[in-house]
Structures are given as structure tokens and as C-alpha cells.
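Student: The structure under discussion is supplied below as C-alpha cells; questions concerning it will follow.
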Amino acid sequence: MESEKIDKLLKYAEQKQRQQEYNKLYCKMRYQKLKQNEEEYKKYLESIKINNNERSKVNFKKIKETPELYEQYKNKQNERRKKKE
């Protein structure tokens, strides 16, 4: 009787210890994965920012090349400035 109770308690203690070790490892892996995702997301945002800058430069070059579009651009800018004032 006593030995069975002791065996059960030992098994329970071992099971609890394994569960704690598993939880620690799982938390570490989860943390690493979150950090990796955060870094990838930062890189993604940076690439979007660069792409948007390049696109706007290209668009502005096209606008400057055609006089009609440049005139429209100037008018829109003037309207925006007037609204701000």
C-alpha cells in the first residue's frame, strides 16, 4: 500500500517536472518565433517605405516631363496651401 502511494507520488512529481520543462522550452521557442516575426515585419515595413519613395520619385519625374500634368500638380499644391491657411 505504502509503496504504491509512493510510486504514484513519484510518477506524479516526474510528470509535473516534465510538464514544467516542456512549458519552459515552449515559451522560449514561442518568444524566439515572435522576435523573428517582429524582425521580418520591420524589414517588410522598411521595404514598403523604400518602394513608396521610389514610386513617388518616378511619378514626379513623369509629371515634370509632361507640362500639362505639371501644371495640374502646381494647381493642386496651391489649392492645398490655400486650404491650410
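Student: Only residues that are charged (D, E, K, R) and open to solvent by 100 Å² or more (accessible area, probe 1.4 Å): list them for region 22-52, please.
Tutor: Narrowing region 22-52 to residues charged (D, E, K, R): 24, 28, 30, 33, 35, 38-40, 42-43, 46, 49.
Within region 22-52, Lys24, Lys28, Arg30, Glu39, Lys42, Lys43, Lys49 qualify.
Student: Would you pick out the residues in region 59-73 that are under 37 Å from the mean Cα position of the chain (by Cα) and charged (D, E, K, R)?
Tutor: Lys61, Lys62, Lys64 - these are the residues of region 59-73 that are under 37 Å from the mean Cα position of the chain (by Cα) and charged (D, E, K, R).
The values are calculated or read from the model by the stated rules, or taken from the named source; none is laboratory data. All values reported here derive from a predicted model rather than from experimental measurement. These accessible areas exclude ligands, DNA and RNA; they are computed on the full protein's heavy atoms, side chains included. Shrake-Rupley method; radii C 1.70, N 1.55, O 1.52, S 1.80 Å.
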